[in-house]
1. Applying the selection to the range 32-48, what residues are farther than 15 Å from LEU14 by Cβ and surrounded by 11 or more Cβ atoms within 10 Å (Cβ to Cβ)?
2. What residue, among those in the range 15-31 that are in contact with a helix residue (DSSP H, G or I) (Cβ under 9 Å, 6 or more places away or on another chain) and not β-branched (Val, Ile, Thr), is most open to solvent (accessible area, probe 1.4 Å)?
3. Having 2 or more residues that are small (Gly, Ala, Ser) is the bar; report the strands (runs of 3 or more DSSP E) wholly within the range 1-62 that clear it.
4. Quick check, is ALA45 small (Gly, Ala, Ser), without any contact (Cβ under 8 Å) to a residue 40 or more places away in the chain and farther than 16 Å from THR69 by Cβ?
5. Of the numbered conditions (1) without any contact (Cβ under 8 Å) to a residue 12 or more places away in the chain; (2) open to solvent by less than 40 Å² (accessible area, probe 1.4 Å), TRP59 satisfies every one except a single condition; which is it?
6. When you check THR69 against the structure, is it part of a loop (DSSP other than H, G, I, E, B), touching an Asp or Glu at 6+ places or on another chain (Cβ under 7 Å), without any contact (Cβ under 8 Å) to a residue 24 or more places away in the chain and loosely packed, with under 13 Cβ neighbours inside 10 Å, yes or no?
Amino acid sequence: KVHVAIELDTMEVLSVAYTDSNTNDCEVVKELCQGIVGKVASVRADGAYDTEEFRKIIWDWGAKCLIPTAR
């Protein structure tokens with residue numbers, strides 16, 4: 001699978017991570033976030049990325065979290 005972080009205003013690719021199909025999306029969050037520099041205003045992702053670790057990263061960035069909670 002390909003995981004991509006995009007700046008929505010410019011459509012610039014900020015970070016990319018590749019995994020096999022057996023890897024959960026949330027397992028790539030740390031790697032994907034390491035490639036992002038600069039101010040982050042908000043994060044949008046599907047519920048597969050919803051973890052406490054990712055929410056802490058978003059909190060530390062001072063960004064708004066727009067991820068539906070995993071159930």
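The values are calculated or read from the model by the stated rules, or taken from the named source; none is laboratory data. Nothing here was measured: the structure is a model prediction, and the numbers come from that model. Here the Cβ is made from the backbone with ideal geometry for all residues, glycine too, and neighbour counts use every protein chain on show. Only protein heavy atoms, including side chains, enter the accessible area calculation; ligands, DNA and RNA are left aside. Shrake-Rupley method; radii C 1.70, N 1.55, O 1.52, S 1.80 Å.
1. GLY47, ALA48
2. TYR18
3. 12-18
4. Spelling it out, it is not the case that ALA45 is small (Gly, Ala, Ser), without any contact (Cβ under 8 Å) to a residue 40 or more places away in the chain and farther than 16 Å from THR69 by Cβ.
5. Failing condition for TRP59: (2).
6. yes
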